[in-house]
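Accompanying notes for the structure given below.
Each value in this text was obtained by applying a stated rule to the coordinates, not by laboratory testing. If you're wondering where the values come from, they're calculated on a predicted model, not measured in any experiment. Here the Cβ is made from the backbone with ideal geometry for all residues, glycine too, and neighbour counts use every protein chain on show.
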Amino acid sequence: MKPLIIVTRKLPEQIEKRMKELFNVRLNNDDHIFSQEELKSAVGEASILVPTVTDKIDADILTNAGPALKLIANYGVGVDHIDLKSARNKMITVTNTPGVLTEDTADMTMALMLGITRRMSEGERMLRAGKWQTWSPTGMLGMRLSGKKVGIIGMGRIGQAVALRAKAFGVEIHYHNRQQINSLLEKELDATYWKSLDQMITQMDVVSLNCPSTADTFQIMSKRRLGLMQNHAYLINTARGDVVEEDALIELLEAGSIAGAGLDVYENEPNVNPRLFALENVLIAPHMGSATEEARQAMGEKVLINVKTFIDGHSPRDRVLGEGL
Ligand code: 8YV
């Protein structure tokens, strides 16, 4: 009897086809979001669960894990929706899909950075509403990116890919990270390390969040830190909603105390605080950093490899160890 694999969301067609060829898999054909009850019964029954960011696999869900459950092969790189500690206590391996969505997420970061500093969505809204009268010397003025300072919080794969791109736009790269990156890489990226995040924030024209969501980064852009940003500065978040104190950010944006924000992620996804919809100085996207055909296919390939490696009795390369575990 082959181990049962339960996939919680609809994955790209070719990935599902290959899964059916290789495994005993139960797919989610109508792509509905699993209820708590469905998740509990899935972890109770499956040997391998393939979830996504839309499944909250917390301690309560994992209490229902059956003896067969040995692997959670996440479709996505962020694993903040999985209680790694409970998984480890139950000897359940967790894998993710690093490396294959780096470029796309960095592209999205740049799209938001360019889009908000040049007021792209605001301009489009005005145009579509028939409110554009004519070209004007003082109309729709934004901020020039070239020559400005961009501060990247989290200089991992995605942060580095953002730095490379931003460099091509003529910005000065600054970063804060748990550890300073090696000096060769720092030189290649022309990046300045700030041990003190507070000090970095006060100097930046754009702050970009590119760190994972962990206990250490929870609301790393707190109300206090957001308050350290310059009035003309912009915040970009393609990481996770909970790395920013969202209410405080909205207050600053409403008051015009910072220039704007480009956001791909939110505190209570898929619910977006309606106060954000009322603001002109935000560019908002529905969590689509990795939404390219290529990335979603490659993420599926990673899941296939992780599951196959595990079933064959080997340790998958993309095992998530988790901090402090
Ligand atoms: C994914 C993401 O689409 O991989 C991640 O961490 O944030 C997204 O780009 C999503 O997580 C899929 O589970």
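Listed by Cβ neighbour count within 10 Å, with the fewest neighbours leading, THR134, THR214, THR292 appear as THR134, THR292, THR214.
For the chain, the longest principal axis of the alpha carbon atoms and the long axis of helix 13-22 meet at an angle near 20°.
Backbone geometry of the range 167-176 corresponds, through the Karplus equation with coefficients 6.51, -1.76 and 1.60 at θ = phi - 60°, to 3J(HN,Hα) couplings of 4, 5, 8, x, 9, 8, 9, 10, 8, 10 Hz, x marking Gly and Pro. Entry note, the chain: relative contact order of 17 percent, from Cα contacts under 8 Å with a spacing of 6+ residues.
Based on C-alpha pairs under 8 angstrom that are at least 6 apart in sequence, the range 191-292 has a relative contact order of 24 percent.
Computed over the chain, the quotient of the alpha carbon radius of gyration and 2.2 N^0.38 Å is 1.07. In the structure displayed, which of LYS56/LYS167; LYS10/LYS70; LYS85/LYS195 lie more than 31 Å apart, Cα to Cα? Pairs exceeding 31 Å: LYS56/LYS167.
Sparse packing (at most 14 other Cβ atoms within 10 Å of the Cβ) combined with a DSSP loop state is found for the following GluC sites (Glu not before Pro) in the range 191-296: GLU280.
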